[in-house]
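Here the structure is laid out as structure tokens; the discussion comes afterwards.
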Ligand code: NAD
Ligand code: DAU
């Protein structure tokens with residue numbers, strides 16, 4: 001099988017490519033990625049010489065290129081996106097461009113060449129929960145940030161191509177991933193790497209917002225299952241059943257690193273900050289037999305160790321000017 005992975009140089013995409021090669025060593029994989037600020041080919045160093053792997057530097061908004069690449073594959077697994085909520089608060093335009101127009105471009109090529117299409121989406125499209133309840137496949141859409149609105153547009157477009165053109169699609173909506181190769185702007189890698197540098201960690205508001213945490217390898221396994229066995233036209237919600245407040249996460253990381261709460265810096269809250277996300281993953285469990293294999297405590301420990309052992313990887317990223325510029329802009333705007 002020949003698979004086009006878009007955004008394969010990012011966090012989940014690169015983990016997925018590693019996962020696919022381990023699980024299906026005979027598969028051919030094309031990675032189409034424009035290498036934005038968070039695309040990093042170092043994530044794929046160990047497989048770059050694999051004859052079954054090809055990297056193409058390119059933009060999913062480039063319709064000529066996308067058409068050429070899609071023509072030769074059996075299936076598309078679409079990760080490429082602008083993925084960080086805080087950045088979408090500062091400037092929504094790149095989110096609409098890649099997440100909406102780029103996705104439409106891929107759908108057009110998939111439709112023209114009649115290819116299987118799997119779209120990686122997020123639980124954020126469903127909005128925010130109170131203290132009770134879970135997001136399910138039939139939860140109503142209520143995205144709150146420019147990021148989640150652009151991802152929701154993607155979900156609707158993917159479904160529209162199924163209903164209108166009978167394009168063989170599936171969608172997964174998953175919760176917060178963590179693990180190796182995550183860009184250090186997101187909560188866990190930002191806090192771990194700050195603390196490794198003996199810098200304080202910027203906790204938004206009271207730190208009481210809740211996220212469900214899913215180890216990235218468990219997510220990759222779910223995508224692989226849906227790609228091969230999922231019912232065409234259907235959506236599957238994927239979550240780790242590991243709800244934690246941001247404060248709890250922060251305390252756990254501090255404990256692992258033997259540091260105290262004086263390393264927490266309370267900063268103004270994110271604008272429009274969603275209170276709680278939680279997923280009912282019973283459909284994928286029941287229909288496809290998926291179960292998350294990693295428990296939060298041990299997988300967080302493993303993740304922290306990965307950042308401890310791969311300091312060169314994140315130091316190179318963290319020292320780049322754009323990250324400092326972005327962090328400064330965001331703090332100023334708040
Ligand atoms: P990421 O930001 O780490 O990686 C995104 C990748 O897409 C990068 O390699 C980037 O270079 C590439 N890219 C961006 N714009 C592109 C374009 N126009 N053309 C080609 N490549 C482009 O993101 P991630 O955290 O790995 O997320 C991957 C997908 O999973 C996204 O669609 C995101 O919405 C979804 N998702 C992420 C999470 C999470 O917790 N990280 C949870 C749910 C869903
Ligand atoms: O739920 C899935 C989503 O998870 C994905 O769709 C997104 O691509 C991904 O970025 C992630 O979004 P979040 O906004 O939940 O992740 P983030 O790591 O940015 O923030 C997690 C929580 O931590 C959130 O409540 C905000 C808080 N936070 C985050 C940062 C970066 C802080 O308190 N301080 C911070 O510096």
Completion exercise
Among beta bridges assigned by DSSP with both residues in the chain, the antiparallel ones amount in percent, to the nearest 5, to 10
Completion exercise
Taking Cα pairs closer than 8 Å and at least 6 residues apart, the relative contact order of the chain in percent is 17
Exercise for the section: Report, in degrees rounded to the nearest 10, the 0 to 90 angle that the Cα long axis of helix 146-165 makes with the longest principal axis of the chain. Expected result: 20
Fill in the blank from the handout: Taking Cα atoms only, helix 103-113 is inclined relative to the longest principal axis of the chain by an angle, in degrees rounded to 10, of 20
Exercise for the section: Find the Cα radius of gyration of segment 190-235, compare it with 2.2 N^0.38 Å by division, and give the number to two decimals. Expected result: 1.85
Exercise for the section: Taking the chain as the reference, fit the longest principal axis to its C-alpha atoms, fit the long axis of helix 216-229 to the helix C-alpha atoms, and give the angle between the two in degrees, 0 to 90, nearest 10. Expected result: 20
Practice task
Grab every C-alpha pair in segment 52-145, bin the distances at 5 angstrom width from 0 up to the longest one, and report whole percents.
Solution key: 3, 11, 19, 19, 16, 14, 10, 5, 2, 0
Practice task
Show that you can apply the helix-only estimate: for the chain, add -39,500 (n - 2.57) for every DSSP H stretch of four or more residues, divide by all residues, and state [θ] at 222 nm to the nearest 500.
Solution key: -12500 deg cm²/dmol
Practice task
Quick one: grab Rg to one decimal and Dmax as a whole number for segment 180-317, Cα atoms only, in Å.
Solution key: 16.6, 51
Practice task
Pop out the Kirkwood hydrodynamic radius of the chain from its pairwise C-alpha distances, inverse of mean 1/r, in Å to one decimal.
Solution key: 20.2
Practice task
Give the Kirkwood hydrodynamic radius (Å, one decimal) of segment 245-305, defined as one over the mean of 1/r across all pairs of different Cα atoms.
Solution key: 14.7
Handout entry: Cα extents of segment 1-98 along the three principal axes, largest first (Å)
Key = 43, 27, 18
Practice task
Can you give me the three principal axis dimensions of segment 284-323 from its C-alpha atoms, in Å, biggest first?
Solution key: 47, 22, 12
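All of the numbers you see were taken from the coordinates with simple rules; none came from a lab. Every value quoted in this text rests on a predicted model; they were computed, and no experiment measured them.
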